[in-house]
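Each remark here refers to the structure printed beneath this line.
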Amino acid sequence: MPHSRIAAARSRPSRPQRHVWETLPDEELLSLRFCDLKITIERTDLEAAVDRLYRELAARGIRFRPHCWLSEEWFSPDGIPGIAIPFYLAHRRLMSIERRFMREVEGGNRNWLMRILRHEAGHAIDSAYRLRRRRQWREVFGPASLPYPDTYRPRPGSRRFVQHLGAWYAQAHPTEDFAETFAVWLKPNSAWRREYSGWAAFDKLEYIDALAAEIGDAKPPVTDRTRIEDIAHERRTLRQHYDDKLARYRMPRRSGADELLLKVFTAAPRLKSAPKAATVLRELRNPLRQQFVRTGAFSEYLVHQVLRLMIGRCERLGLYVRGSQRDLKGQLVWMIARLAESHEERQLPRVAL
């Protein structure tokens with residue numbers, strides 16, 4: 001069999017898992033405990049993604065392989081060189097429940113999933129080799145001992161940080177800066193030398209490149225295989241999980257972004273046929289982004305983040321298109337420009353972690 005076919009065969013899970021709860025109504029499914037789901041990473045698309053992560057590490061000359069398990073959220077525990085992956089990514093039925101409550105599935109497509117896995121692998125390799133204890137690591141990224149904030153106010157124009165997961169996440173904390181920079185470096189065929197040429201972040205990428213060459217074939221000093229908050233032992237129900245999660249993401253008080261959105265959209269449409277604002281924004285997202293890229297007024301990354309914010313707030317506020325759509329695009333261009341300017345001037349609310 002040709003090599004490409006062998007690789008393709010390895011990337012597809014064999015005999016997908018089947019579960020009796022797959023066809024249950026939502027309310028019955030929500031009554032199940034996590035431990036009753038009996039789901040694993042094996043024989044799912046997640047297994048193929050983790051294998052791909054391991055191949056990417058190997059291609060970069062790194063022998064380290066973080067162990068992975070299913071939990072309620074994405075995280076890599078401090079001091080444990082592993083990756084907790086959200087349970088819902090192990091089955092499409094669970095992804096539909098996540099989308100129902102949270103409006104999106106974090107890591108729900110292949111590209112997004114690999115971006116997060118590379119980021120979490122950065123945290124895991126930090127723990128495996130105790131990198132944050134190194135003097136040069138602290139000089140490059142800052143002290144990991146800094147308090148981890150509940151929110152942070154990003155600087156969209158800063159070139160001291162890479163741009164990877166969105167919301168300028170590298171700016172949140174030195175450990176996130178390292179994980180984001182590692183993820184950019186690890187990506188196959190990454191053009192970081194060209195894309196970050198002239199940026200202060202370039203020195204961070206070069207540091208990781210040299211660091212990987214140093215530790216690549218070395219055995220990690222930390223090999224703890226503990227699985228923190230493994231859902232196989234979690235006796236809470238899915239309903240309890242989503243009640244707690246929604247409480248954490250409770251609607252903040254109206255922000256400046258909401259005020260602008262309510263100038264264009266409405267929560268009380270006159271016609272039942274009025275289209276949802278979030279749906280229209282998704283349809284116009286690419287043309288709007290391309291329009292700003294052509295003018296050069298704002299970076300494509302900034303416009304992407306502003307559009308993502310607008311779509312999320314329209315969904316949360318339950319907004320609809322107000323009146324005719326004929327002049328809507330012009331109004332949206334005006335709004336995006338206002339929000340992008342506010343981001344650059346640091347006027348928008350802090351980003352919650």
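We did not get these values from a lab; they are worked out from the coordinates using the rules stated. Nothing here was measured: the structure is a model prediction, and the numbers come from that model. Reconstructed Cβ throughout: ideal geometry from the backbone, glycine too, with neighbour counts over all protein chains shown.
At full extension, Thr279 and Met102 could sit 62.1 nm farther apart than now, given 0.36 nm per residue minus the alpha carbon distance.
In this simple spin-label model, placing a label point 7 Å from the Cα along the Cα-to-Cβ direction at both Arg134 and Gln331 gives a separation of 5.4 nm. Each of the peptides 261-269, 174-182 was scored by the mean count of other Cβ atoms within 10 Å over its residues; in descending order, highest first, they stand as 174-182, 261-269. A straight Cα-to-Cα reach below 19 Å connects Lys329 with the aspartates and glutamates Asp258, Glu259, Glu283, Glu300, Glu315, Glu341, residues fewer than 8 places away in its own chain not being considered.
Per the Kirkwood definition applied to all pairs of different Cα atoms, how many angstroms is the hydrodynamic radius of the range 130-171? Hydrodynamic radius (Kirkwood, Cα only) of the range 130-171 equals 11.8 Å. Hydrodynamic estimate: the Kirkwood radius of the range 139-194 over Cα pairs, inserted into Stokes-Einstein at 25 °C and 0.890 mPa s, corresponds to D of 205 µm²/s. Using 0.36 nm per residue and subtracting the Cα-Cα separation, the extra length available between Glu73 and Thr23 on full extension is 15.6 nm. This model, with +1 at the C-beta of Lys and Arg and -1 at the C-beta of Asp and Glu, gives the range 260-332 a dipole about its Cα centre of some 180 debye.
The phi-based Karplus calculation (6.51 cos²θ - 1.76 cosθ + 1.60; θ = phi - 60°) puts the 3J(HN,Hα) values of the range 316-325 at 5, 8, x, 8, 10, 5, 9, x, 6, 8 Hz, whole numbers, x for Gly and Pro. Take the convex hull of the alpha carbons in the range 267-331; its mean projected area over all directions comes to 4.4 nm².
Near His67, the amide H atoms lying under 5 Å from its own belong to Ile83; only residues 5 or more places off or on other chains count, and H is placed 1.01 Å from N.
A convex hull fitted to the Cα coordinates of the range 61-101 yields 87 cubic angstrom per residue. For the range 60-215, the alpha carbon positions stretch 45, 35, 35 Å along the principal axes, listed from largest to smallest.
Under Stokes-Einstein, with the Kirkwood radius over Cα pairs as Rh, the value for the range 13-65 at 20 °C and 1.002 mPa s is 159 µm²/s.
Over the C-alpha trace of the chain, radius of gyration and Dmax come out as 21.9, 66 angstrom. The mean of 1/r over all pairs of different alpha-carbon atoms in the range 201-336, once inverted, gives a Kirkwood hydrodynamic radius of 19.3 Å.
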